[in-house]
1. With the requirement that a residue be among the basic types (Lys, Arg) and either in a loop (DSSP other than H, G, I, E, B) or under 17 Å from A:LYS123 (Cα atoms) (or both), what does segment B:123-132 give you?
2. Which residue, of A:GLY97, A:GLY53, A:GLY110, is small (Gly, Ala, Ser) and farther than 30 Å from B:ASN79 by Cβ?
3. Do the conditions hold for B:THR25, that is, is it out of contact with any His (no Cβ under 8 Å at 6 or more places or on another chain), modelled with pLDDT of 95 or more and either closer than 16 Å to B:GLU93 by Cβ or of a type outside the set (Val, Ile, Thr) (or both)?
4. Condition first: acidic (Asp, Glu) and either in contact (Cβ under 8 Å) with a residue 12 or more places away in the chain or in contact with an Asp or Glu (Cβ under 9 Å, 6 or more places away or on another chain) (or both). Now tell me which residues in segment A:210-244 satisfy that.
5. Here are B:GLY178, B:GLY147: which of them is within 14 Å of chain A (Cβ to nearest Cβ), at positive phi and in contact (Cβ under 8 Å) with a residue 12 or more places away in the chain?
6. What do you reckon, is B:ALA33 aliphatic (A, V, I, L, M) and assigned to a loop (DSSP other than H, G, I, E, B)?
7. Among the residues of segment B:118-129, write down those that are under 19 Å from A:ALA77 (Cα atoms) and facing chain A (nearest Cβ under 8 Å).
8. Out of A:LEU78, A:LEU120, report the one residue that is within 27 Å of B:ALA127 (Cα to Cα), not assigned by TED's automatic domain parsing to the domain that holds A:ARG195 and not in a strand (DSSP E or B).
Number of protein chains: 2
Amino acid sequence: MVIKLTISYDGTNYAGWQVQDNGLTVQEVIETALNKLTGEVIRITGSGRTDAGVHALGQVASFTTDAKIPANAYAKALNGLLPKDIKIVSSCEAQDGFNARFSAKRKTYGYRLYVSDVELPVKDRFAVRVDAINEALIKQAFSVLRGKHDFKVFSATGSSVVDTVRTIYSMSLKKVDGFYEVRVTGNGFLYKMVRFIMGALTAVSDGKLRVEDLLTVLASGKRPNVIKAMPAKGLTLLSVEYKK
Amino acid sequence: MVIKLTISYDGTNYAGWQVQDNGLTVQEVIETALNKLTGEVIRITGSGRTDAGVHALGQVASFTTDAKIPANAYAKALNGLLPKDIKIVSSCEAQDGFNARFSAKRKTYGYRLYVSDVELPVKDRFAVRVDAINEALIKQAFSVLRGKHDFKVFSATGSSVVDTVRTIYSMSLKKVDGFYEVRVTGNGFLYKMVRFIMGALTAVSDGKLRVEDLLTVLASGKRPNVIKAMPAKGLTLLSVEYKK
């Protein structure tokens, strides 16, 4: 049976999603819980890796099992074994061949900023402090970034991905609860792509990069020094969509 | 010189505001930083104690010092010495005789709930999960609680306070960013009073306590078992007001 899990985590204390040697990862913690629950050694596939410190409201993972546990019972059973900062929001049976990574059609990330002279501990766990925000300039920059582009310039070096063309379907900026939240929906994202896009948007907002220059940056594939990857803690994987 | 500090903290890892033997407190951490900064042994006075695990966006504290540091420089200087989960939002000189506790006129607390079948790690640090919310019933209950009452029934036993009459100036329920936030402004609050009020409101919302019965509870001073103190983590001291 193929099981689909929807997962929420506070990534603060994890070395990202994917199993690795340097530090505990979210995938590893869930696989350990699944092993305790089923007795099987199960490898789960996430919709994608999230970096160290990145959070998730709706990460999706899939796995195959011979266990005789009803699909919708995994959420509750696993939550009893998982730590407070990783929880299974829901579990269900997926069609044969479903793969959380390869079947994914669209992903939506949210990135939160807040304006303050001082880092505010009640806001700073899931967001990043900035001195100011120019909403109009950020919205102008969206028009450059939306659509199908080679986003190589917005990916970290060291990635093995060959095809760096991705499509951004929508971008929005909303003021909510004292935060500015940028939401971006696309068919896929390169390593650190959203964090570099946020670096570009904050550079535009700060007047360090003109909106027109963003076009040149995308076209030339050369990233100016003013565009840096913004911190992981402001980023949350909100949802992953699959074909019905 | 009398200095007034406005302070924000994530209370998760502290045994509350006030210095005590069992565990590290926010007051203690700030006093240690002040000692390093000024060389003086300084005792600060908070506007009130917050319990273990309660957060603050705008706690206020005051102290007297002979140090020759400009009043508005304390915020930045202390923030360099403080941990990430305690920050000074601002510092200024206060009038002689100003005392953060005794000069306080009004305090506003916020308490956050969210509706979900499962605890969500990205929401659960500053809020509490509930199965459902009946907004209409909660708003009806506000009309019982607003005003001047003996709130003894909504305070924890063991408090040494004699006068248990307090005035609640306003209460509101707002849906914001996926949370339900109850805000309550009053001239002062008894030990655990907001958490017991939240216990009463959630009991009313769940249909375990009728709004009419809240009147009886307040009048009789007998707290039924359905009213429990809600968890500290959902509570944030938002602001403290002083006479201009």
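1. B:LYS123, B:ARG125
2. A:GLY97
3. Here the answer is no, as B:THR25 does not meet what is asked.
4. So in segment A:210-244, the residues acidic (Asp, Glu) come out as A:212-213, A:241.
Result: A:GLU241, single match.
5. Details: B:GLY147 fails: within 14 Å of chain A (Cβ to nearest Cβ).
That would be B:GLY178, the only listed residue that is within 14 Å of chain A (Cβ to nearest Cβ), at positive phi and in contact (Cβ under 8 Å) with a residue 12 or more places away in the chain.
6. No: the conditions fail for B:ALA33.
7. Taking segment B:118-129 as the starting set, the residues that turn out to be under 19 Å from A:ALA77 (Cα atoms) are B:118-121, B:129.
B:VAL118, B:GLU119, B:LEU120, B:PRO121 - these are the residues of segment B:118-129 that are under 19 Å from A:ALA77 (Cα atoms) and facing chain A (nearest Cβ under 8 Å).
8. It is A:LEU78.
The values are calculated or read from the model by the stated rules, or taken from the named source; none is laboratory data. Because the structure is a prediction, the values reported are computed rather than measured. No Cβ is skipped: glycine too gets one built from the backbone with ideal geometry, and neighbour counts run over all protein chains shown.
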